[in-house]
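The values are calculated or read from the model by the stated rules, or taken from the named source; none is laboratory data. The shown structure was predicted, so the numbers you read here are calculated from the model rather than taken from an experiment. A quick note on method: Cβ atoms are made from the backbone with ideal geometry, for glycine too, and the neighbour counts reach across all protein chains shown. Just so you know, the surface numbers come from the protein's heavy atoms only, side chains and all, with ligands and any DNA or RNA stripped out. Shrake-Rupley method; radii C 1.70, N 1.55, O 1.52, S 1.80 Å.
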Amino acid sequence: MSGSRPGPRLARALLTRALPADRRDDVTADLDEVYRRRLETDGTVRADLWYWREATVFIARFTLERLRDRRSARPRLARRDGPRRRALPISLLDVKLGLRRLTAQWGLTLVGGMALTTAMTMGAVVFGLFDAIMATSIPLDEGDRVVALQPWDGRANARRQIFAADYLRWHDRLTSVEDAGAFHTVARNLITGDAPPEPVAVAEITASGFTLARVPPLLGRPLTSQDEEPGAEPVVVIGYDPWRDRFALDSAVLGRQVRLGRTVHTVVGVMPEGFAFPMNHDFWTPLRLHETTTLRTVDGQGAVFARLAPGASVEQAGAELAALGLTEPETQPSPGGAARTRVVPYPLAFVDDFGESPIVLGIFVILASLLLVPPCANLAILVYARSASRLAEFAARHALGASRGRIVSQLFVETFLLAAASGVVALILVRLALGQLAAFLDRQIAGGLPFWFDVTPSLATVLLVTVLAVVAATIAGLLPGLQATGRLMKEGLAALGSRTAPRLGRTWTVLVVAQVGFAVAATPTALEMAWGTLRPSTLGPGFPAEDYLTARLELDAEGPGPGDPAAPAPAAERLEVVLPELVRRLEAEPGIAGATVASALPGTGRWAFLEMEPVNGVDPARPPSPLQGGHLIQLLRVGGDFWRTFELQALSGRLLNSADGLGGQEPIVVNESFVRLVMGGGSPLGHRLRYTRYSSGTGSPPDEELRWFEVVGVVSDLPASVAYGIAYHPAGPGHLQAPRLAVHVEPGVTGAAGRIREIAAGVDPTLRLEQVRTLDDLYREQAFGNKAGASALLAATLSVLLLSAAGMYALMSFTVQQRRREIGIRAALGAGPGRLLAGVFRRAARQLLMGAGVGGALAFAIDAYVPEEALQTLGGWDVPGVLPATAGFMIVVGLLAALGPARRGLRIDPTEAMRGDG
Amino acid sequence: MSHQGLGDFEQMVLLAILQLDGEVYGVPVVDEIERRTGRSVSRSAVYVALRRLEDKGLVSSWMSDPVPERGGKPRRCVKVELEGLRLLRESRRTMEQMWQGLDPALGDAR
């Protein structure tokens, strides 16, 4: 829909930063208006191109304008310093020469550039993500002065709940802040007209939130303090998106009624597009503090916010708040006085404490720089080798008056150009990677990412990449340049005639061997991990996952009791009644082949370590992986109708039925991979297992999961691509606290999601279906993290591979250059091409073989240490023959890289070679 | 405040504002100049000129009410101030004096 679509995000973000603050909103809105016009007439691609062009011109013109303003504002200084000295003897000619050399040696440029880009991208992605999370300003008027007031548990380093009494005291007494207010998020089913119910996040917020935001409503009014009074009519302010999607931009929306959960609200206002304060909200209802004693702020879904008063600082506000302190009710004692207060920039109220953020940022910068060391070291040696071969050129230039600084600066410029180009590519990749990551997080986080979360590379990220480029150019250009020209400066032109030519010694051999070794050692694992990641999407889940609709089921905290609608019952108690009824009604619906609820969906269960009960003192399981410290499997609790819904048959033994979960012995069913990986192919029937601990998360399994469970059946792997054991437990009363629903929809049935929502709302209007998606989509999203990891691993391995090849190339070029005279003499004496080639190749071949040997041994050790089970639970998959294939490939790549320079060696004219060196 | 006269482009922007009715803001000003001159004009140049003219006190601006079609974003509306009108008149007079007596020589050109 082009109705409200703004221009391309990156161009818009760059433009926004370049425009002066007072013109930012109107100029971007004007450009968006013309962009939308162009979208209608020219199509997306041409409109995007137009926007980019306009944004670029705007940025350039307004930047010039800013410089002009600054220059005219600056007092004219007396020119006391005389003519300005240039800090570095770098000229435009150096840049031109550098560009020409990079283009001429495009192979090395490409390899070096790729390695630098990979290292910079990895460093900048981590930094950029951290930078986005640690934002200290929000995109509102004076957004850097909006703060959060928090009670803080100093001992646990965690947020604490806020008592309404505390908030009210702060609100009345603090003078260093204004517009103080509070909110917390509640999830409700939105029910309007005939549309199916939809779960939405509602901000229960004080009216001061709208005063603080300084954004007037598009229609109607914001919330007022009268709305918070006891007995006031329930009202709601809605955002632009629901106004467009639910009310078709109808200006008569004011006064209409919408139902949020069990309460009917009257719409009193519509906020403009993009407004999402306080987090990512589209619905705002009054926060009625007389109805609640605490604000739910522990889970990051609520906060007390305020704007710093004019002239006040965060530190002043913090000191004033600390003086007011907390009202500590006896029910929540604070041992050891750990409870304190703090005032932080608003976005930081929702992230865990990172301590002193500048220090953490510093550590990231150092880590990012360290990533650069291996590619830089390689490049440095390449540049050194190249510089040494250009000694004659440098000597001639030196004789004609060029200083050493002049020559070295040219080498520096060449490398800097390469590093800068890599930096630009890295920034584009960072933007793409962070965009993907943000989209992924947006889907994963309940309610989506907060409105201030912006992954467009910040000035700090651009600065980091620039610094990295300078560091890279210094290591890879400046240092070898100085080294190569050192002897020249001492000996002048005589250096050319010297019999002791510059050498690539033992360090070089070690480096090449190490690189080849690392490539041979790491590539098999990288390929196995990559194949493990690609395998599920290549093989598919083995059943029509796209026909299964899934959702997370949640009940509002308050609701009617099972028998008496007036008496509220806890959500957990109501679930026991609601879930069977929901499944019953869904199964009665035409077009639905089956429905079930479980603790998790197939392939998404909780990871736990297990041990098998010894039989006559012998462990029936295979020895567990030393890497993992035990057998790791997934644990699922499923209802009796699970098997029918997923069309699973017992391969041996029996399936679970609805009577199995009702106390007494608890039988379990396992999958085929369990039999293969844990039992080593033996039958698990009759054997008993228990859990020792969960693999992640808090604490150990509850007592009831610590007892022994007997395996009564085996089913096939679901999904078929799983590579780990799964144990299915019966879901008894109280087991399903956060149930997942799976509905098998018959092929060709449309609109099932809406119908399921209606049926759920019919069972209980406070029953919400969150994250409704097909099982197929769920598996795809699950694979995202693995794919990102595998891509980074592959990119790193590829750059090592390329660098090794480049190392071979440099070595051979250097050898040929050094031995020109010798080759010439041998050719003149009648040596054939085969002998000459063998002489040139000997050193490279020896290094390649050594590297392949070291790498092969390492890979073999890794393979022995990471058993199949551990590899598969980590997401990998055994690929037979991958080790010899990698070693062979590396040798071929190395020899191919050496071939070019070797051929150059064969073309040496004997008379020329001897005369040249004479 | 002293002004150093008006540049050609600034004159064009001021005249375009005067030619338009209703809410005058950046987008229609650009459209108007392009329509009347028959040439495309750099949008950014118009916005920079508008800002400079405002700094010189020849134009004033204010934000309109939120506009639903623009996602609730307001427009920056502009109008020519008295000083701007005075300078426009002065520029016109200067140009007319320069043209005086050239009709016979440039007859074909007109």
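Exactly one of (1) out of contact with any helix residue (DSSP H, G or I) (no Cβ under 7 Å at 6 or more places or on another chain); (2) within 13 Å of chain B (Cβ to nearest Cβ); (3) open to solvent by 50 Å² or more (accessible area, probe 1.4 Å); (4) closer than 23 Å to A:LEU67 by Cβ is unmet by A:ARG17. Its number?
The single condition A:ARG17 does not satisfy is (2).
Would a scan of region A:251-269 turn up a residue that is within 14 Å of another protein chain (Cβ to nearest Cβ) and within 32 Å of the chain's Cα centre (by Cα)?
Taking every residue of region A:251-269 in turn, none turns out to be within 14 Å of another protein chain (Cβ to nearest Cβ) and within 32 Å of the chain's Cα centre (by Cα).
Output the residues belonging to region A:247-265 that are under 14 Å from A:VAL236 (Cβ atoms) and of a type outside the set (Lys, Arg).
A:PHE247, A:VAL253, A:LEU254, A:GLY255, A:GLN257, A:VAL258, A:LEU260, A:GLY261, A:THR263, A:VAL264, A:HIS265
For region A:186-209, what are the residues that are within 28 Å of A:GLU770 (Cα to Cα) and outside any strand (DSSP E or B)?
Within region A:186-209, A:THR192, A:GLY193, A:ASP194, A:ALA195, A:PRO196, A:PRO197, A:THR206, A:GLY209 meet the criteria.
If you go through region B:62-80 one residue at a time, how many are part of a strand (DSSP E or B) and open to solvent by less than 30 Å² (accessible area, probe 1.4 Å)?
Of the residues in that region, 4 qualify.
Give B:ASP55, B:ASP103 a once-over and let me know the one that is out of contact with any strand residue (DSSP E or B) (no Cβ under 9 Å at 6 or more places or on another chain), open to solvent by 40 Å² or more (accessible area, probe 1.4 Å), within 13 Å of chain A (Cβ to nearest Cβ) and without any contact (Cβ under 8 Å) to a residue 12 or more places away in the chain.
B:ASP55
Using beta carbons and a limit of 7 Å, which pairs, at least six apart or on different chains, have the first residue in region A:31-44 and more than 11 Å from chain B (Cβ to nearest Cβ) and the second one open to solvent by 60 Å² or more (accessible area, probe 1.4 Å) and outside any helix (DSSP H, G or I)?
These pairs meet every condition: A:LEU39/A:ARG5.
I need the full set of residues from region A:394-416 which are in a helix (DSSP H, G or I), aliphatic (A, V, I, L, M) and open to solvent by 40 Å² or more (accessible area, probe 1.4 Å), in order please.
Once the filter is applied, which keeps residues that are in a helix (DSSP H, G or I), aliphatic (A, V, I, L, M) and open to solvent by 40 Å² or more (accessible area, probe 1.4 Å), region A:394-416 yields A:ALA396, A:ALA399.
One line per residue, one yes/no per condition, for (1) modelled with pLDDT of 75 or more; (2) not in a helix (DSSP H, G or I):
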| site | (1), (2) |
| --- | --- |
| A:LEU811 | no, no |
| A:VAL840 | no, no |
| A:ARG846 | yes, no |
| A:GLY851 | yes, no |
| A:GLN872 | no, no |
| A:TRP877 | no, yes |
| A:ALA887 | yes, no |
| A:GLY894 | no, no |
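Could you say whether any residue in region A:489-510 is crowded, with 18+ Cβ neighbours inside 10 Å, at pLDDT below 70 and not hydrophobic (A, V, I, L, M, F, W, C)?
Yes, region A:489-510 contains at least one residue that is crowded, with 18+ Cβ neighbours inside 10 Å, at pLDDT below 70 and not hydrophobic (A, V, I, L, M, F, W, C).
Being within 24 Å of A:ILE162 (Cβ to Cβ), open to solvent by less than 20 Å² (accessible area, probe 1.4 Å) and in contact with a strand residue (DSSP E or B) (Cβ under 7 Å, 6 or more places away or on another chain) is the filter here; which residues of region A:236-285 pass it?
If the condition is that a residue be within 24 Å of A:ILE162 (Cβ to Cβ), open to solvent by less than 20 Å² (accessible area, probe 1.4 Å) and in contact with a strand residue (DSSP E or B) (Cβ under 7 Å, 6 or more places away or on another chain), then A:VAL236, A:VAL237, A:LEU260, A:GLY261, A:PRO278, A:HIS281, A:PHE283, A:TRP284, A:THR285 are the ones that fit.
Mind checking whether some residue in region A:698-712 is buried (at least 20 other Cβ atoms within 10 Å of the Cβ), modelled with pLDDT of 80 or more and under 36 Å from the mean Cα position of the chain (by Cα)?
no
Going by what's in this entry, would A:VAL235 be described as in contact with a Pro (Cβ under 9 Å, 6 or more places away or on another chain) and away from chain B (no Cβ under 14 Å)?
Here the answer is yes, as A:VAL235 does meet what is asked.
Please enumerate the residues belonging to region A:1-13 that are of a type in the set (A, V, I, L, M) and either at the interface with chain B (Cβ under 8 Å from one of its Cβ atoms) or open to solvent by less than 80 Å² (accessible area, probe 1.4 Å) (or both).
Those that are of a type in the set (A, V, I, L, M) and either at the interface with chain B (Cβ under 8 Å from one of its Cβ atoms) or open to solvent by less than 80 Å² (accessible area, probe 1.4 Å) (or both): A:LEU10, A:ALA11, A:ALA13.
Check A:THR28, A:THR63, A:THR56 and return the single one that is at pLDDT below 85, within 34 Å of the chain's Cα centre (by Cα) and of a type in the set (Ser, Thr, Tyr).
A:THR63
I'm checking my understanding of the structure. Among residues of region A:202-231 that are among the β-branched types (Val, Ile, Thr) and either away from chain B (no Cβ under 13 Å) or under 16 Å from A:HIS184 (Cα atoms) (or both), which one is most open to solvent (accessible area, probe 1.4 Å)?
The qualifying residue most open to solvent (accessible area, probe 1.4 Å) is A:THR211.
Pick from A:LEU775, A:LEU802: which is among the hydrophobic types (A, V, I, L, M, F, W, C) and under 29 Å from A:ALA195 (Cβ atoms)?
A:LEU775
Need the failing condition index for A:ARG100 against (1) at pLDDT 85 or above; (2) within 14 Å of chain B (Cβ to nearest Cβ), just the number.
The number of the failed condition is (2).
Identify the single condition in (1) within 14 Å of another protein chain (Cβ to nearest Cβ); (2) at pLDDT 90 or above that B:ARG70 does not satisfy, given that it satisfies every other one.
(2)
Mind telling me which of the residues A:LEU803, A:LEU778 ends up being open to solvent by 30 Å² or more (accessible area, probe 1.4 Å) and under 30 Å from A:GLY532 (Cβ atoms)?
Testing whether each residue is open to solvent by 30 Å² or more (accessible area, probe 1.4 Å) and under 30 Å from A:GLY532 (Cβ atoms) leaves just A:LEU778.
Consider A:GLY762 against the criteria (1) open to solvent by 40 Å² or more (accessible area, probe 1.4 Å); (2) in a strand (DSSP E or B); (3) not hydroxyl-bearing (Ser, Thr, Tyr): it satisfies all of them except one. Which criterion is unmet?
That leaves (2) as the condition not met.
In region A:223-239, which residues are free of Cβ contacts under 8 Å to residues at least 60 places away in the same chain, closer than 14 Å to A:THR285 by Cβ and in a loop (DSSP other than H, G, I, E, B)?
Matches in region A:223-239: A:THR224, A:GLU229, A:ALA232, A:GLU233, A:PRO234, A:GLY239.
Within region A:132-185, can you find the residues that are of a type in the set (Lys, Arg) and either surrounded by fewer than 20 Cβ atoms within 10 Å (Cβ to Cβ) or not in a helix (DSSP H, G or I) (or both)?
A:ARG155, A:ARG159, A:ARG160, A:ARG169, A:ARG173
Return the residue satisfying two criteria in turn: it lies in region B:23-52 and is in contact with a strand residue (DSSP E or B) (Cβ under 9 Å, 6 or more places away or on another chain) and in a loop (DSSP other than H, G, I, E, B), and of such residues it is nearest to the other protein chains (Cβ to nearest Cβ).
In this case the residue turns out to be B:TYR25.
Being of a type in the set (S, T, N, Q) and assigned to a helix (DSSP H, G or I) is the filter here; which residues of region A:1-54 pass it?
A:THR16, A:THR28, A:THR41, A:THR44 - these are the residues of region A:1-54 that are of a type in the set (S, T, N, Q) and assigned to a helix (DSSP H, G or I).
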